[in-house]
Amino acid sequence: MQPGTLTLLLVEDDDVDAETIVRCVASAKIANPLLRARDGIEALEMLRGTNGKQKVPAPVMLLVDIRMPRLDGIGLIKAVRADPALTRTVIFVLTTSDSDRDRMAAYDAHVAGYIVKSNAQDEIFSLTKMLEYYLLIVVAPPADVT
Amino acid sequence: MMTTVFVVVLLICVGAAFAIGRFYRPPDPSAAVPVHADSQEQGVAALHAAESAAGRHEAQLRALLETASDGIHVLDENGDVVLFSDSFARMLGYSIAEMSRLNLSAWSPEENTEDFAATIPALTDEVSVAQTQIRRKDGSWLEVEVSRRSVQLGGDTYLYRSARDLSERNKIDRENRLHLQELERINAELDQFVYVASHDLRSPLRAIKSLAQWIIDDDPSVDAKTRQRLELIQGRSQRMAQLLDDVMIYARAGNIAAAPGPLMSAAALIAEVAVTLQVPSGYRILADRSLEDAQVHRAPLEQVFHNLIGNAIKHHDKNQGSVRVWAVDTGGRYRFFVADDGPGIPEAYRESVFDMFTTLKPRDEVEGSGMGLALVRKVVGRLGGQCGIQDSSGRGVCLWFDWPREEH
């Protein structure tokens, strides 16, 4: 079975931070669809197609902020890992927090990577490079496991 | 201070009591009359008149028993009082006359007389110390520390004991523990506050900077004046971000729990700092030979050198210069010196430059948060050292700081 096209789901409450990622992805000419949820609850609804949201087709790569209202990044990651239908989702954490506590919690929930957001141009560049590389090289889980 | 006084007094009293015990024979134990200074006045006077060695010892013993602040008491094998200091009677609330007729069981009921006799031989060689409680005449209990030792005199065994009132010390200990807990709580709260504040402030700053950049990137019609103002917005945002970083570093600096890093020579550390500082060409860092013998842990000394050498270069008024670093071994510590050939610091500011947020030039001229030397002072102070600026006139400034010596 061919791997499906990876959809990027950005989970970010801050509009400017969200636009930063959108611009990054656009400038890198990444053609994968990019969707956005504003917190963990909305992300789960989009992943499951509940509460009137259209279901995001698998495979999905989540780009998750840590600090968000209602359900934060760590809570979202745990919920995704606990759901058999979502557990194969590729997750990257995007955050301003470089605290060890947040980092440990993220890796405990088996995230693929942990990216500290900053102003520095080269870090945004390396984030874009990393995404490009990941989308190019890494074969995503198949769309349907059955 | 009080504790030291107590200890010294105890040592003198116990030591003197034993010394006297060796040389001074107590009254014939068969007579079994408790001896106390006041009740022996006539006898003592007679001995004084004779000016015998025994008389001098008796006078010394009497003075000792009157002045000792610890409750010295000597017991025979039955636990009956043979000798005691005035303070011991006061401690228990008995008069001198009452005290001289007492048995151990009066204030220490759990020390059974038979068991007591059995424990004496085991105590012969060393002074042993134990914490216990003694019962006062009014029935109240007193926390004490008792030092004791037995002494053989003319075939009989006597137990020499000295009781120290611990109630005051224990009360102070309890208060100190409470204060310490309170301090730890306040510190943890402050750490959390600094952390949260700096992260929550960083996020909008980053947004401001990005938005200004997007206007420049997306709108080709932006004129030069607007563009310059947008760049100023970015510059100010960057300055505030730097300030937040520096405040965070300052708040965390000197955290004793942090790993000190590997042990290395100060010369190797300076070489590393020179690399991370990206010293512009034209400036030279001259590491003296004395740094090769100074063994130091990397953190947090790296930060101190980074700030001092970085400052010297940043504030230099010429496009070439040199920074000289050397160490003097002052015995228990090293004293490091960092000297430059820059414009120097006017005498009036030599104290205040170590304060937080102090800069000597407008920030548009020399970018800086004014936290660099404050951090140096904090780190050095945490390790019990001092820092300062050497007196000099003319060009250049020479800063020094103390650093603990690593034993190895």
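Read the figures in this text as sums done on the coordinates, not as results from a lab. All of these numbers come straight from a predicted model, not from anything done at the bench. Neighbour counts run over all protein chains shown; Cβ positions are idealised from the backbone, glycine included.
Under 5 Å from the amide H of B:Gly321 lie the amide H atoms of B:Tyr283, B:Arg284, each residue being 5 or more positions distant or on a separate chain, with H modelled from the backbone and absent for Pro and chain starts. A Förster radius of 41 Å, combined with the Cβ-Cβ distance separating B:Leu211 from B:Arg174, puts the computed FRET efficiency at roughly 0.10. Loop-located trypsin sites (Lys or Arg not before Pro) across segment B:226-329 with a Cβ neighbour count of 16 or fewer within 10 Å are B:Arg289, B:Lys318, with loop assigned by DSSP.
Compute the length gained on full extension between B:Leu263 and B:Val328: take 0.36 nm times their separation in residues and subtract their Cα-Cα distance, giving the result in nm to one decimal. Don't jump to the answer; show the numbers that get you there.
On the way: separation 65, 0.36 × 65 = 23.40 nm, distance 1.83 nm.
So the chain would gain 21.6 nm between B:Leu263 and B:Val328.
Net length available on complete extension from B:Arg335 to B:Asp245 is 29.6 nm, with 0.36 nm assigned per residue and the Cα-Cα distance removed. Under 5 Å between amide hydrogens, built in the peptide plane, is the criterion, and for A:Leu10 it picks out A:Leu35, A:Arg36, A:Ala37, A:Leu63 among residues at least 5 positions away or on other chains. Starting from the amide H of B:Gly396, placed 1.01 Å from N in the peptide plane, find each other amide H under 5 Å away whose residue is 5 or more places distant or on another chain. Here B:Gly342, B:Gly344 satisfy the definition. Using θ = phi - 60° in the Karplus curve 6.51 cos²θ - 1.76 cosθ + 1.60, the 3J(HN,Hα) couplings for segment A:19-27 round to 5, 4, 5, 4, 5, 4, 5, 5, 5 Hz; x is entered for Gly and Pro. Residues in segment B:72-99 near a label at B:Ser128, defined as backbone nitrogen under 19 Å from the 7 Å Cα→Cβ point? In segment B:72-99, the label zone of B:Ser128 (backbone N under 19 Å from the point 7 Å along Cα→Cβ) covers B:73-80. For the pair B:Asp138 and B:Leu190, a Förster radius of 41 Å applied to the C-beta separation gives a FRET efficiency near 0.30, rounded to the nearest 0.05. Work out the FRET efficiency for B:Glu111 and B:Arg289 from their Cβ-Cβ distance, taking R0 = 60 Å, and round it to the nearest 0.05. The computed FRET efficiency comes out at 0.30. Between the alpha-carbon centres of segment B:333-408 and segment B:70-93 there is a gap of 61 Å.
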